[in-house]
Structures are given as structure tokens and as C-alpha cells.
Amino acid sequence: MAAAPRLVLQPEQRRAADIIRLLTLYRPLIDAFVIDFFTEGLWEQLPPAWQPALATATPQQLAGLLGGKGGPGVAWPLSLLAFAAAARALAFPRGCPGGSPRPPCQSSHLHPLLRRHIKPKKQHEIQRLGKLLQRLSRATGCERVVDVGAGQGHLSRFLAFGLGLSVTAVESESRLADLAQRFDQELLRELGKTGGLGHQGHPRRRPNPPHHPLTPRAPRHVPGRLDPTAPWEEFLLPPDPPAPGPAARNPLGGPGGSEDGGQVLVTGLHACGDLSPALLRHFTRSPAVAAVALVGCCYMKLSTSPQPPGCPPGYPLSTSVATLPGHQLSYRAREAACHALEEYEGRLRGGSAHLRAHCYRAVLESLIRATDPAKRHLGVQIGRKALALSFPQYARLGLPHAGIDPVGVPLDSDAVGAMLEQQHKVVAFCTLGQLLAPVVETLVLLDRLLYLRERGFHCALVPLFNPRFSPRNLVLVAARTPLDAVLARLAEDSKDGDSS
């Protein structure tokens, strides 16, 4: 009897399978809540061969382990080095477009009038994503963009006023949509005064790049929520709370194209939770959408299997991942995937006071559980400034959030002191979790990539933003036509340092 033919896996499928194998081996690491470090004995759950080296490692040495750049004076166990190397190899390269290590500043690539109300990090993001959408517009011949989850309209304004595209901004929160329209009107008034030239900077300072005049073409704002289960012809639900006036028209229009005719580009900048997979489902079903450029966010808010009938999960999307044993991701794993590995490495190298945050919170959790075992994972938020306090001061602020009177809790006992002395172990445990965080994100994004390829679309994942400042920096680009020319031009943009 002839043997059954072996299924040949594509590189992305092999990568997904390898990631799942790695996560299965180290699932206790990625599923653990660091605040349970003492209550659940997390240190003792580490491989015994790792514990001595991790317990004596300095923050700088841990940073070397995290970044793969080595660390003086430490002999890591080979199994730990293999774990770290596997995690780095399986995660998508996050890149550093433009290579700038500097903190974000006012972007010289954005017209001065488009920087208003926008923090430097966001300026960097909208400038980079806007240029990508401009490339997609030229490649597909589409000048219409639908920005879903537009918020205050910063990206939409850059696309419309700065790049001259026809933009529909969809936002479910009426307050944000109203604020976006107010900013639009403010910009239109300013254009009436300056003719779109704006201020070019102080004459004695290094001149900014010349800016093209802005176009007086404001985005059109549509209040509405995306319905992930509806056919593409029923793209939107009413906003919550409902907006006054007539119901919003579907920006994707009816059969054959958008409401204005022709096709559209769809984008979402940090489309939260299930919004990202919903956009991808609409893209695959709607002939009105020529291409999509999507940056996801908040993976812990993704719905997972099993779901009620007719409500597909946000993860997994693809058949390729759904059929792999062990593909399930816990809430904690998906939350970890949102962490900023580069930021944590910087804290380790700089000996930041924020390194004590997890230890303080873990000790506080131990005190809460000792006082009332029924109280667990209460989401106590004290604020970053509290980390400059001593632990007793920190605990006196935190315990009332758990409904506990600090007066009756021993905050300076020997037991508390012994836990605080293990801060270096808590930091080491967090470092191991940070190593796996990009791997989990890679699996989520691979699932989306495979979902699109299973349906015959051209797609790619591109590190678009500087990961030091924008942890969710991988954009998923998909189109009905090949993307080679768009990606090549984007690579040229990065070489030119177009990332400030």
C-alpha cells in the first residue's frame, strides 16, 4: 500500500508550528502572572539549571540575554541560551526604520499645522503609515481611503490635508468623532490665513524639509461601529451612544464598489482587539476594498474559540493555525504580546527605578491574599510615581484599592523584607517572559497572514515604526495585486531615514 503523501508546509506554516512547539515547552513562563511570583512560587517552576545563573545576573547582563548582545561576567546554561536564541529566531524582525536611537521629537516630515494636538510618537506613526498608504494608492489607483477606528482623526487629517487623498474616517465613539471634526475646522481656518504654508521654523536653526502646501480637503467623518459578523454590504452599526441625524451610509457602498464609485483602501492604526480580524474578514469578502494596511493592538482583547454559532473568533483566523495542536493562547499570553521588549531592555541597561514595579506589586499581592484569600488579581493601579516610594508607603496607597485597611497589615515584617530582597529574581523572571512576548505576537500576526494567503491575497508584514517608541510596529499589508513595488519603495524610504 502506497504511503500517504506528506503535506509540504509553507515557510509561514512551519514557523507557526515551531512557535507553538516552543510555547508548549515553556507555557508556564508565558501563562504566569508576575504578581503571583510569591503566592504561586514561580521561581521554583523555572528549570533548576537556570536558577543559579539568573539569581546572580545583573540587570545589564539580563539586558544582554534579552537583546542577544551578550553580557560580561556570566556563564549562561546552554539550555537557557538555546531558549533565548530560539525565541529571537522565531519572532518577526521588528527592525528599526531609519535606525534612530533618539526619543521621538517633533517630526520634520510633517507639515507644522499637522503636528498640532499630536504627540511626537503619534506623529512618527501617522507619517510612516500615511506614506505607505500613499504608495498603495499609487500602486492600486485608489485615491479613497477608509480609516476605521479613526479616533481624533490625526491619521485621516494627514491623509486628506497632507497627501490629498479622499478620506472617510469611521469612529464608534461620538465624542472622538466630534473632536476630530473640531480639529478639522481649526485647520481649515488656519489654512485660510496662511494659504497652507504654515511656519517653517526659526531661520537660524537647521531648516526643516520643504513642505508642500496643504490641500483644503477635510476628511468626511462617519459615526459607526464595525459589525464583524455582518456581510460587507452591512459594514456599520450605529455608534454607541447613537449619533443624531440620519443613519450613516456604508463607506464601502453597495455591490461593485464604494459609495462614490470605484475601490477603496482600508486602514486601521492600532485597531484594537477584534477590530483587526473584523477588518480582514471584510477585506476578503468585499470587492470594494483594493488593499488594506493594518496595525493591530490589544491582543488580550481578541475573542478565542469556542465562540457562539455565527461569531467567528478573532484568533485563530486561519485554518493553518487552527488545525495545529496547542495553538491556543491564554489571556495572559496575549497580554504579554503587547509588552515592549525594547523598552524593558532599556530599563535593564539603565537600572531604571521601574524595575521594582513587578516586585512591589507581587509583594502587595501576597499581602492581599494573606489578608483575604478570595481577593486575587484585582487590577490594583497605583501609578508610576508610587515606585519612588518605600514599599510601606506604596502598600498604604495600594491596599485600600483592594478594600483592605493598611493599619492591620504588617508592612515591615521579616517576611515582607525577605520578599523585597528577591527583586532581582522577579526582574530575571520578567526578562524570560519578555523574550517570549514577540514570539506570541508573531504567532498572532502569522495567523492573519496565513488567513489572507489561504484566500489568495498578496500580503506581507513590514516593521513600519521604530520599535523603541512604538511597540506595535508591524503593519500587515494586503492587496489583490502583487505588493513588490510598494514594499521596495518603502524600503527605500527607510534607507533615506524617513522615520523621525
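Brief remarks follow.
- Subset of segment 47-63 (residues that are open to solvent by less than 50 Å² (accessible area, probe 1.4 Å) and touching a Lys or Arg at 6+ places or on another chain (Cβ under 9 Å)): Gln51, Leu54, Ala55, Pro59, Ala63
- Failed criterion for Leu435 (all others in (1) in contact (Cβ under 8 Å) with a residue 40 or more places away in the chain; (2) at positive phi hold): (2)
- Of the helices (runs of 4 or more DSSP H) entirely within segment 289-359, those holding at least 2 residues that are open to solvent by less than 10 Å² (accessible area, probe 1.4 Å) occupy 331-336.
- Considering the conditions (1) in contact (Cβ under 8 Å) with a residue 60 or more places away in the chain; (2) in contact with a helix residue (DSSP H, G or I) (Cβ under 8 Å, 6 or more places away or on another chain), Leu445 is excluded by exactly one of them, (2).
- Hits in segment 462-485 - residues which are open to solvent by 10 Å² or more (accessible area, probe 1.4 Å) and either in a helix (DSSP H, G or I) or among the polar types (S, T, N, Q) (or both): Thr481, Asp484, Ala485
- Meets criteria (assigned to a loop (DSSP other than H, G, I, E, B), modelled with pLDDT under 95 and either within 18 Å of Ala32 (Cβ to Cβ) or open to solvent by 30 Å² or more (accessible area, probe 1.4 Å) (or both)) for Leu411: no
- Looking only at segment 381-399, residues that are in a helix (DSSP H, G or I) and surrounded by fewer than 12 Cβ atoms within 10 Å (Cβ to Cβ) come to 3 in all.
- Inspection of segment 170-180 identifies no residue that is closer than 10 Å to Arg217 by Cβ and either assigned to a loop (DSSP other than H, G, I, E, B) or touching a residue at least 24 places away in the same chain (Cβ under 8 Å) (or both).
Residues are listed down the side, and each one gets a yes or a no for (1) part of a strand (DSSP E or B); (2) modelled with pLDDT of 90 or more:
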site: Leu214; (1), (2): no, no
site: Pro228; (1), (2): no, no
site: Pro244; (1), (2): no, no
site: Asn250; (1), (2): no, no
site: Pro255; (1), (2): no, no
site: Asp260; (1), (2): no, no
site: Leu265; (1), (2): yes, yes
site: Gly268; (1), (2): yes, yes
site: Pro277; (1), (2): no, yes
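- Single condition Ala428 does not satisfy, out of (1) at pLDDT 95 or above; (2) over 20 Å from His377 (Cβ atoms); (3) open to solvent by 10 Å² or more (accessible area, probe 1.4 Å); (4) not assigned by the TED database to the domain that holds Leu275: (3)
- Leu280 crowded, with 22+ Cβ neighbours inside 10 Å, touching a residue at least 40 places away in the same chain (Cβ under 8 Å), over 21 Å from Ala17 (Cα atoms) and under 20 Å from the mean Cα position of the chain (by Cα): yes
- Segment 322-378 - residue that is over 22 Å from the mean Cα position of the chain (by Cα) and among the hydroxyl-bearing types (Ser, Thr, Tyr) and, of those, nearest to Pro467 (Cα to Cα): Ser352
The values are calculated or read from the model by the stated rules, or taken from the named source; none is laboratory data. Every value quoted in this text rests on a predicted model; they were computed, and no experiment measured them. We place every Cβ from the backbone using ideal geometry, glycine too, and count neighbours over all the protein chains shown. These accessible areas exclude ligands, DNA and RNA; they are computed on the full protein's heavy atoms, side chains included. Shrake-Rupley method; radii C 1.70, N 1.55, O 1.52, S 1.80 Å.
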